[in-house]
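Structure record follows, encoded as structure tokens.
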Amino acid sequence: MSLPGPMTEHASPRLIDSFQQHYPALLQFLVGRLKDTEQAADVAQETYLRLVAMGEPDEAIIEPRAFIFRIASNLAIDLLRKEERHSKRRAPGELACEETDRRLCAETIHLARERLDQLDQALSELPPNYAQALMLSRLDGLTYAEIGNRLGVSESMVAKYIGQALRHCRNSLKSLERQP
């Protein structure tokens, strides 16, 4: 996975290298936790985005692998809690039992890596303000007003940046799905 462009110029090479090295194990760990390959791949992508957004970390991170797995674990827990809250709001008859394959095959890992590479490429293609607005919104949880203050633009411009960034990433991922 290459890390070109403005999104990764401050990312810790040590953490990114560790993420890439341990990606298959991380994905398998997340599938075990979430019991869903797609959700596991999404959480792995979110973990990667968090690492990129961190910039150069404090040297206090002695075990990058453990640090990465902790971030992924916390994100998985957040997702499970969110799903639990959502399922409690649904009528009991709506819950469907679905059998999922708990074994993670090499093809699934390959497809997840392709999606991650495609997302990384899409983020690197964005203008800096678009990418930064998206990261501040999705990773840091800032409001449009807070992002606008940081970037020196209006809230409506922030909305435009984020909308176009999301559209670009979604279209990029859709183009990957259309490939044979």
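A straight chain from residue 156 to residue 78 at 0.36 nm per residue would run longer than the Cα-Cα distance by 25.1 nm.
Compared with the direct C-alpha span, the chain from residue 114 to residue 20 gains 32.6 nm at full extension, assuming 0.36 nm per residue.
Count the net charge of all other residues whose Cβ sits under 13 Å from the Cβ of residue 144, scoring Lys and Arg as +1 and Asp and Glu as -1. Result for the neighbourhood of residue 144: 0.
Every number in this text was worked out from the coordinates using simple rules, so none of it is lab data. Note that the structure is a prediction, hence the values are computed from the model and not measured. Cβ atoms come from the backbone with ideal geometry, glycine included; neighbour counts cover every protein chain shown.
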